[in-house]
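The structure under discussion appears below in the form of structure tokens.
Nothing in this text is a laboratory measurement; each read-out follows from the coordinates by a stated rule. Keep in mind the model is a prediction, meaning the values are calculated, not measured. Note that each Cβ is placed from the backbone with ideal geometry, even for glycine, and that neighbours are counted across all protein chains shown.
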Number of protein chains: 2
Amino acid sequence: MESITAVNQLAALAQEHRLAIFRLLVQQGQEGLAVGRIAEALGLANATLSFHLKTLATAGLIEARQDGRFIHYSASFDAMNALLGFLSENCCAGEPCLIAPAPCCPPEKKP
Amino acid sequence: MESITAVNQLAALAQEHRLAIFRLLVQQGQEGLAVGRIAEALGLANATLSFHLKTLATAGLIEARQDGRFIHYSASFDAMNALLGFLSENCCAGEPCLIAPAPCCPPEKKP
DNA sequence: TCCATATTTCCAATAATATGGAAATGAACG
DNA sequence: CGTTCATTTCCATATTATTGGAAATATGGA
């Protein structure tokens, strides 16, 4: 991964609304969510939401898919994995690894 | 983790020089690196480097430690883990997890 | 105490980003 | 082919970040 790509992706995430959008989409998995649903969930003006979606899409962090009259956006897990990998690259100077394993979806625990 | 914290940390990383500094420190492990060494490695003016180090430190991504006449900065792996975890939180809508396991320090392979 | 070296602060010019209302565009379906 | 609903573009304004030279500060050692 190019450093400039990572900078663009981090900049895309470094904004309250865009971070919320991205996290929401990560939680939705591959299915993603229609723009209108995102607007509902986060309460953003049309123009503002569209601007932020475009920024995230241009950075490669989310992808658009037409679905009937709707456009579904979903997180690009490939891009996300590449970015997380880039941050962790060659870490820890040979010491035991200090970066936690992927925290998502552990085998379910009952509360 | 608060969303505002994550935004600040992502903004801190969303800059070419700061990203380079952070990745360099991640690679150095807990030992870290003196400011002068970072300057050597990245070729930054004193004022510029100091500004970026302060930004990263304020965001909580790196920590300073006095070592003789030098100040060593090191990556905060706790902060890094919290940030990566925040991005991945509740991911994937119950589908099989799409986020790659931590890529660092796999059991060594000989080339 | 005083020196030498390491690091930070001060400064002000330049450049980039976030915002939402209203209008325009796009897509599907009868 | 026109209607309807979903989404994007246009616009102007206000806020915020980045830069390096020079001077100031901090530290340890003699």
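Structural remarks
- When each of B:ARG65, B:ARG18 is tested for being farther than 18 Å from A:LEU87 by Cα, basic (Lys, Arg) and touching a residue at least 12 places away in the same chain (Cβ under 8 Å), the lone residue that passes is B:ARG65.
- The residue that is surrounded by the most Cβ atoms within 10 Å (Cβ to Cβ), counting only those in region B:64-78 that are assigned to a strand (DSSP E or B) and either within 8 Å of DNA strand C (Cβ to nearest atom) or away from chain A (no Cβ under 13 Å) (or both), is B:TYR73.
- Restricting attention to region B:26-45, the residues that are more than 10 Å from chain A (Cβ to nearest Cβ) and away from DNA strand C (no atom under 13 Å from the Cβ) add up to 1.
- For region A:1-19, the tally of residues that are more than 7 Å from chain B (Cβ to nearest Cβ) and among the small types (Gly, Ala, Ser) stands at 1.
- Single residue of A:GLY29, A:GLY36 found to be under 21 Å from A:ARG69 (Cα atoms) and within 14 Å of DNA strand D (Cβ to nearest atom): A:GLY36
- Yes/no for B:LEU44 being crowded, with 18+ Cβ neighbours inside 10 Å, on the phi < 0 side of the Ramachandran plot and either acidic (Asp, Glu) or not in a loop (DSSP other than H, G, I, E, B) (or both): no
- The residues on offer are A:THR55, A:THR48, and the sole one that is within 14 Å of DNA strand D (Cβ to nearest atom), more than 9 Å from chain B (Cβ to nearest Cβ) and touching a Lys or Arg at 6+ places or on another chain (Cβ under 8 Å) is A:THR55.
- Taking region A:1-15 as the range and being touching a residue at least 12 places away in the same chain (Cβ under 8 Å) and surrounded by 15 or more Cβ atoms within 10 Å (Cβ to Cβ) as the test, the residues that pass are A:THR5, A:ALA6, A:ASN8, A:GLN9, A:LEU10, A:ALA11, A:ALA12, A:LEU13, A:GLN15.
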